[in-house]
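**Q** Handing you this structure, nothing more for now.
The values are calculated or read from the model by the stated rules, or taken from the named source; none is laboratory data. What you see is a predicted model, and the numbers here were worked out from it, not measured in a lab. Just so you know, the surface numbers come from the protein's heavy atoms only, side chains and all, with ligands and any DNA or RNA stripped out. Shrake-Rupley method; radii C 1.70, N 1.55, O 1.52, S 1.80 Å.
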Amino acid sequence: MFKRPANLFGFDRVALRQFFDALGERPYRADQVLQWVHQQGETEFASMTNLSKPLRAKLQDMTCLEAPSVVSEQVSADGTRKWLLRLDDDNGIEMVFIPESERGTLCISSQVGCALNCTFCSTGAHGYNRNLTSAEIIGQIWLAHRMLGCVEKENRVITNVVFMGMGEPMLNFDNVVTTLNILLDDFTYGLSRRRVTVSTAGVVPKIDALKLMCPVSLAISLHAPNDELRNKLVPLNRKYPVAALLDACRRYVSGESRSRITFEYVMLAGLNDSKSCAHELIEVLRGVPAKVNLIPYNAVPGFAFQRSDTATIDRFRDQMLAAGIMTITRKTRGEDIAAACGQLAGKFHDRTHRSTRWRRYRHTVELTA
Ligand code: SAH
């Protein structure tokens with residue numbers, strides 16, 4: 001039977017060492033290959049000159065190095081870049097780079113679409129197709145490095161990586177952990193744990209598992225301070241309610257004196273932006289080392305949600321600050337190219353048919369409006 005060659009992009013150091021061991025090769029060959037691929041950007045085995053010629057030939061026969069391909073690139077007026085990437089089954093995902101004066105943040109996708117259906121999110125409305133492989137996730141970072149330049153520590157362009165693109169990373173846990181192992185490895189990108197953030201809508205058991213496997217920075221898409229409201233905005237809350245989620249957050253940072261959890265809170269006019277919501281948020285965050293990121297809602301065509309006005313967002317922020325909770329309003333970036341939070345859509349076949357139902361619904365709303 002035809003067997004697909006192993007895509008070495010998806011191998012972390014432990015897996016690659018095992019692979020070489022099984023080939024009867026010395027384990028340090030894994031370190032050399034990781035450096036060639038991730039630091040030099042090399043995908044031709046023939047050019048990996050510190051490997052023996054027979055080994056290069058064997059790798060050529062048995063393996064491959066395939067990253068997603070770039071379909072298009074858009075650059076926002078504020079310098080934010082968005083790429084549409086094609087996977088080998090023709091699904092399309094999106095990735096965003098956000099340059100700032102002191103850092104450059106790459107926002108990557110973990111799934112084709114998203115299965116969670118948060119009611120205000122464009123990605124959710126487009127439905128879901130599948131998990132990305134670890135090769136497809138790390139392939140995004142590899143590609144961005146090639147397109148943006150240098151990997152070396154001293155003059156890096158990508159200083160931070162966030163799992164805030166399409167998908168729920170905790171529902172693709174194993175492949176995300178493999179990707180984290182690769183990202184943090186000194187033979188590849190050597191990013192520190194603090195500079196890599198996994199964002200989740202709140203898959204409680206996986207928060208505990210991440211602490212065991214690879215405790216990087218954690219962001220929680222909270223968006224509401226109580227179950228009644230959060231059930232409506234983030235349906236996953238019915239499975240993992242606010243109290244259980246915050247307990248998991250406390251466990252995540254316990255024993256790590258300097259760590260804080262980031263709480264993302266999208267500002268939706270008239271829904272979650274009142275004084276009493278801020279008051280409730282202060283109460284529920286008690287005892288959790290927290291920083292709160294208020295995200296001005298990015299409009300999604302066809303959705304009735306609206307962004308809170310600036311004065312309301314400022315008042316909410318000041319109320320949080322007065323209670324001693326570190327709070328900032330996240331700057332909206334790349335809105336003109338639909339690259340802002342929650343606007344990533346990609347191009348793929350929706351296996352849930354949610355997008356069809358949504359389009360039909362939207363059509364009805366537009367007709368009756
Ligand atoms: N599934 C993960 C990763 C997505 S991160 C998670 O939920 O954390 C993307 C962030 O943008 C999440 O906090 C999400 O809730 C938020 N978001 C989604 N739609 C948005 C919109 N239209 N405007 C602003 N933020 C949005």
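**Q** Cα axis of helix 173-184 to longest principal axis of the chain: angle in degrees, 0 to 90, nearest 10?
**A** Taking Cα atoms only, the helix is inclined about 70 degrees.
**Q** Could you rank Glu154, Glu66 by how accessible they are, 1.4 Å probe, largest area first?
**A** Glu154, Glu66
**Q** In whole percent, and with a 1.4 Å probe on the protein chains, what portion of the accessible area of the chain is carbon and sulfur?
**A** Roughly 51 percent of what the probe reaches on the chain is carbon or sulfur.
**Q** What are the extents of the Cα atoms of the stretch 6-64 along their three principal axes, listed from largest to smallest and rounded to whole Å?
**A** Computed over the Cα atoms, the extents are 23, 22, 19 Å.
**Q** In what order, largest first, do His223, His279 sit by accessible area if the probe radius is 1.4 Å?
**A** His279, His223
**Q** I've got another one for you. Calculate how many DSSP beta bridges within the chain are antiparallel, expressed in % of all such bridges and rounded to the nearest 5.
**A** The antiparallel fraction comes to roughly 45 percent.
**Q** Can you compute the helix-only [θ] at 222 nm over the chain? Use -39500 (n - 2.57) per DSSP H run of at least 4 residues, normalise by all residues, nearest 500 deg cm²/dmol.
**A** Value at 222 nm, helices only, nearest 500: -10000 deg cm²/dmol.
**Q** By how many degrees, 0 to 90 and rounded to 10, does the Cα axis of helix 53-62 deviate from the longest principal axis of the chain?
**A** Here the helix axis deviates by roughly 50 degrees.
**Q** Provide the solvent-accessible area of Asp227, counting protein heavy atoms only and rolling a 1.4 Å probe, rounded to the nearest 10 Å².
**A** In the full protein context, Asp227 sits at about 60 Å².
**Q** Also, I was wondering about something else. Can you work out the accessible area per residue across the stretch 69-360, with the rest of the protein chains kept in place, probe 1.4 Å, in square angstrom?
**A** Accessible area per residue, the stretch 69-360: 42 Å².
**Q** Count the lysine pairs in the chain whose Cα atoms lie under 22 Å apart, taking only pairs 8 or more positions apart in sequence or on different chains.
**A** 11
**Q** Let me ask you something else. Give me the log10 of I(q) over I(0) for the chain at q = 0.11, 0.14 Å⁻¹, as the Debye formula computes it from C-alpha points; what are the numbers?
**A** -0.78, -1.22
**Q** Just to verify a number: what accessible area does Thr352 come out at with the full protein assembly present, 1.4 Å probe, Å² rounded to tens?
**A** Using a 1.4 Å probe on the heavy atoms, I get roughly 50 Å².
**Q** Can you tell me the accessible area per residue over the stretch 6-64, all protein chains present, probe 1.4 angstrom, in square angstrom?
**A** Per-residue accessible area for the stretch 6-64 comes out at 50 Å².
**Q** What are the extents of the Cα atoms of the stretch 80-175 along their three principal axes, listed from largest to smallest and rounded to whole Å?
**A** 40, 29, 23
**Q** Then there's this: Evaluate 2.2 N^0.38 Å with N set to the residue count of the stretch 1-159, then give the Cα radius of gyration divided by it.
**A** Details: Rg = 17.7 Å, N = 159, 2.2 N^0.38 = 15.1 Å.
Relative to the 2.2 N^0.38 Å estimate, the stretch 1-159 comes out at 1.17.
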